[in-house]
Amino acid sequence: MMSAIDTRELRHLVRSAIYLPSEDGYDEARQVWNGMIDRRPAAVVCAAGVADVMATLQFARDRGLTVAIRGGGHNVAGAAVGEDSIVIDLARFKSVRVDPLQRSALAGGGCLWGEYDWETQAFGLASPGGAISTTGVAGLTLGGGYGTISRCYGMACDNLLSADVVLASGELVSASADCHSELFWALRGGGGNFGVVTSFQFQLHPVRQPLSGLVGFPFEMSRSVLQRFRELGLEASDTLTLMAAIIPLPGGGKCIAAVICDIGDTGEGERAARAFRELGSVLMDTVAPMSYCAMQKQFDVSYPKGQRHYWKSAFLNALPDELIDLAIEFAGDAPSPLNVIMIEMYGGAVARFPDHSTAFGHRDALFNLSMLAISDNPGIDAEQKKWARDAWQRVLPYSTGGTYVNYMSEGEDVHAAYSDARFQRLAKVKAQYDPTNLFRFNQNIPPASS
Ligand SMILES: Cc1cc2nc3c(=O)[nH]c(=O)nc-3n(C[C@H](O)[C@H](O)[C@H](O)COP(=O)(O)OP(=O)(O)OC[C@H]3O[C@@H](n4cnc5c(N)ncnc54)[C@H](O)[C@@H]3O)c2cc1C
């Protein structure tokens, strides 16, 4: 716990705003995107620069306090804020510097994907990022980072060229393939375990006007739409990404939607849209050419801050009819009308990066199936968690056995996101760079004991 003397000292050490319990702004500063998370940190430090990060870490270390790191605050497990911890909030680390000649960009550790995309698209360039523009660049990349152009260019972490990291020791290092290479490997999928990343350098790719949108059908058509999604998905080229989801309808009830994101120039996205439309009974159809930034924020409105989320997910390398039927059954049994069943398509470039190249694994997966329990009602939290967990148990026999660390909820076994060998390698890197587990409010990898 921090004393009044500690508090005064911390204020002298940094130039940033600090929010303490009982002060104005504290309740807002401790909130994360998931309304189910309600933790009370000892302080929230809105770091203004690298010096603030270094000073806060030293302050925490000297007093045996733990530290939580906040990028975009989107993590469903609420990993950006820890009870009694000092939160280092990077929201002021927003700068994006694009080098169009080298096709690379430097992004601050608190950037959101919408901000990054806006700057890089000014040059007609993009890096694979999340499908919702309000998600943080940091947490998404550190856990892997799947997005609408991943099948073409890989995961976000596959496009990371280097990262500036303030280590638990307070030292600032730059990690890349040539320097601190084990740390660099771990940062690409091992989550926020290894230090505070103050900036990310990414590879950029030319991406201009995509064709994107969704085609929605009555819930009763879920089986045929999901079968068509599987058929088209398995033969799609890398430039086409399809997703499918059972989602709530604005006026009540639910529907099955096929999402199309095509960055190619062969008309494949339009052909896929036509193949879905041919199933008939189309309820909505938003598929159209749009800017890359518009594509990346088209579903933001469905994921507002403050709703209560509990997620479970499983990687799959096939989508058999029995599993399609199970997914439809889960959607029908959902305790909340807002719950979503989502299927993302992997493969393409994601599968071609060597398995050992990053801490993110799962390169053999073709799909990821997620059960998203979403509601506004705290009274049904237990029921919602049970729904997601029970559904996940029934999906397990069809899964690769792997789960995506970025979609894990509170209290899950982090080991499930990694093979044994990967987990052990990560634990060794953790022991080298954060031996006291200063950074433990994350999908925690305990340091290996020597
Ligand atoms: C609505 C929504 C949509 C999503 N869509 C996608 C998607 O399309 N693809 C995908 O792959 N994932 C997606 N995710 C999951 C997302 O990748 C994770 O929730 C991720 O953790 C969010 O990163 P963040 O920076 O916003 O989170 P935070 O909650 O701020 O942080 C997440 C973790 O990263 C650590 N961290 C954050 N910043 C730093 C930093 N600068 N240095 C070191 N550690 C840091 C934190 O300590 C924490 O452990 C989505 C999540 C939501 C809620």
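The table below gives the values:
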item: Qualifying residues in the range 400-442 (those that are under 17 Å from the mean Cα position of the chain (by Cα), outside any helix (DSSP H, G or I) and at pLDDT 95 or above) - the one farthest from the ligand (Cβ to nearest atom); result: TYR418
item: Qualifying residue in the range 317-331 (condition: among the aliphatic types (A, V, I, L, M) and closer than 20 Å to PRO250 by Cα); result: yes
item: ALA91 being surrounded by fewer than 20 Cβ atoms within 10 Å (Cβ to Cβ) and in a loop (DSSP other than H, G, I, E, B); result: yes
item: Residues that are buried (at least 20 other Cβ atoms within 10 Å of the Cβ) and either of a type in the set (S, T, N, Q) or out of contact with any strand residue (DSSP E or B) (no Cβ under 7 Å at 6 or more places or on another chain) (or both), drawn from the range 382-398; result: GLN384
item: Qualifying residue in the range 359-382 (condition: under 24 Å from TRP33 (Cβ atoms), in the same structural domain as LYS254 (by TED's automatic domain parsing) and free of Cβ contacts under 8 Å to residues at least 12 places away in the same chain); result: yes
item: Members of the range 133-162 that are more than 8 Å from the ligand (Cβ to nearest atom), among the hydrophobic types (A, V, I, L, M, F, W, C), closer than 18 Å to GLU344 by Cα and buried (at least 24 other Cβ atoms within 10 Å of the Cβ); result: ILE149, CYS157
item: Unmet criterion (only one of (1) within 14 Å of the ligand (Cβ to nearest atom); (2) under 26 Å from VAL414 (Cα atoms); (3) without any contact (Cβ under 8 Å) to a residue 40 or more places away in the chain) for ASP38; result: (1)
item: Checking GLN384 against (1) in a helix (DSSP H, G or I); (2) more than 22 Å from the chain's Cα centre (by Cα); (3) within 16 Å of the ligand (Cβ to nearest atom); (4) not basic (Lys, Arg), the condition it does not meet; result: (2)
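Yes/no per residue for (1) closer than 28 Å to GLU220 by Cβ; (2) crowded, with 17+ Cβ neighbours inside 10 Å:
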| position | (1), (2) |
| --- | --- |
| PRO289 | no, no |
| ALA314 | yes, yes |
| LEU323 | yes, yes |
| PHE330 | yes, yes |
| ASP333 | yes, no |
| ASN339 | yes, yes |
| ILE343 | yes, yes |
| ASP364 | no, no |
| ALA373 | yes, yes |
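The values are calculated or read from the model by the stated rules, or taken from the named source; none is laboratory data. Given the structure is predicted, the values throughout are model-derived calculations rather than measurements. All Cβ positions, even for glycine, are placed from backbone atoms using ideal geometry, and neighbour counts span all protein chains on display.
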